[in-house]
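Report on the structure given below.
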Amino acid sequence: MSDPDREMFERLAPDLTTPPSAFEQRISTPSYAIPDRLALLEDAARDELDALWADLDTAVRNAANGQWSITCDWLTDRIKRLTQLVGPTPWEQVQIPLLESGVYQRLHAELDVSVEVDMARVAEVRASIDARRSAR
């Protein structure tokens, strides 16, 4: 495998080996064998909440002013509704820019939901990302 191919493989390999989510595992089970359909619904809501955070990160990056858009408002409304149902997404599963900018913290504060973000750890991750980018 050539170096560019290996680099691409190494970047994509985690995506190929990511274990299925709880929701994906449950939907592969026949519905008559699922003892707790509410748990299935909660798993689906948590998976959707994870996806909404990723969508919000993309929407912020794609906003005309590079900061915020109507799409961001729409996504935060959906995040708030699901957060009220299933609780907050752990900060470790949220995109770094949303933590650095305080969006994650602000959104939960608006819901009166307590979340603790280890900003020192966030800074370490950001430094690691920046170091890898400059090494290219």
Original post:
Does GLU100 satisfy the criteria of being charged (D, E, K, R), more than 16 Å from ALA51 (Cβ to Cβ) and surrounded by 13 or more Cβ atoms within 10 Å (Cβ to Cβ)?
Top reply: yes
Original post:
Can you pull out the residues in the range 48-103 that are assigned to a loop (DSSP other than H, G, I, E, B) and among the polar types (S, T, N, Q)?
Top reply: ASN65, GLN67, SER69, THR89, GLN95, SER101
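Assess whether ARG132 counts as being out of contact with any Cys (no Cβ under 7 Å at 6 or more places or on another chain), surrounded by 14 or more Cβ atoms within 10 Å (Cβ to Cβ) and of a type in the set (Lys, Arg). Even if it seems obvious, please write down each step before you answer.
Values: out of contact with any Cys (no Cβ under 7 Å at 6 or more places or on another chain): yes; surrounded by 14 or more Cβ atoms within 10 Å (Cβ to Cβ): no; of a type in the set (Lys, Arg): yes.
No, not satisfied.
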Original post:
Residues in the range 113-128: is at least one out of contact with any helix residue (DSSP H, G or I) (no Cβ under 9 Å at 6 or more places or on another chain), free of Cβ contacts under 8 Å to residues at least 24 places away in the same chain, among the polar types (S, T, N, Q) and not in a helix (DSSP H, G or I)?
Top reply: no
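Kindly evaluate LEU41 against the criterion of being part of a helix (DSSP H, G or I), in contact (Cβ under 8 Å) with a residue 12 or more places away in the chain and among the hydrophobic types (A, V, I, L, M, F, W, C).
Details: part of a helix (DSSP H, G or I): yes; in contact (Cβ under 8 Å) with a residue 12 or more places away in the chain: no; among the hydrophobic types (A, V, I, L, M, F, W, C): yes.
No, not satisfied.
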**OP:** Tell me, please, whether a residue that is polar (S, T, N, Q), out of contact with any Pro (no Cβ under 6 Å at 6 or more places or on another chain), surrounded by fewer than 16 Cβ atoms within 10 Å (Cβ to Cβ) and under 30 Å from LEU38 (Cβ atoms) can be found in the range 108-115.
**Re:** yes
**OP:** Scan the range 5-20 and give yes if some residue there is surrounded by 11 or more Cβ atoms within 10 Å (Cβ to Cβ), modelled with pLDDT of 60 or more, on the phi < 0 side of the Ramachandran plot and aromatic (Phe, Trp, Tyr), otherwise no.
**Re:** no
**OP:** Can you confirm whether the range 119-126 contains a residue that is out of contact with any His (no Cβ under 6 Å at 6 or more places or on another chain) and either under 23 Å from ALA39 (Cα atoms) or exposed (fewer than 12 other Cβ atoms within 10 Å of the Cβ) (or both)?
**Re:** yes
**OP:** Please enumerate the residues belonging to the range 73-107 that are touching a helix residue (DSSP H, G or I) at 6+ places or on another chain (Cβ under 9 Å) and under 24 Å from LEU38 (Cβ atoms).
**Re:** ARG78, ILE79, LYS80, LEU82, THR83, LEU85, VAL86, GLY87, PRO88, THR89, GLN93
Original post:
Given the structure, is PHE23 surrounded by 16 or more Cβ atoms within 10 Å (Cβ to Cβ), modelled with pLDDT under 65, assigned to a helix (DSSP H, G or I) and not small (Gly, Ala, Ser)?
Top reply: yes
**OP:** Out of LEU41, LEU56, report the one residue that is among the hydrophobic types (A, V, I, L, M, F, W, C), closer than 17 Å to GLY87 by Cα and modelled with pLDDT of 70 or more.
**Re:** LEU41
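The values are calculated or read from the model by the stated rules, or taken from the named source; none is laboratory data. Quick caveat, the model's predicted, so the values are computed rather than measured. Counting neighbours? That spans all protein chains shown, and the Cβs are built from the backbone with ideal geometry, glycine included.
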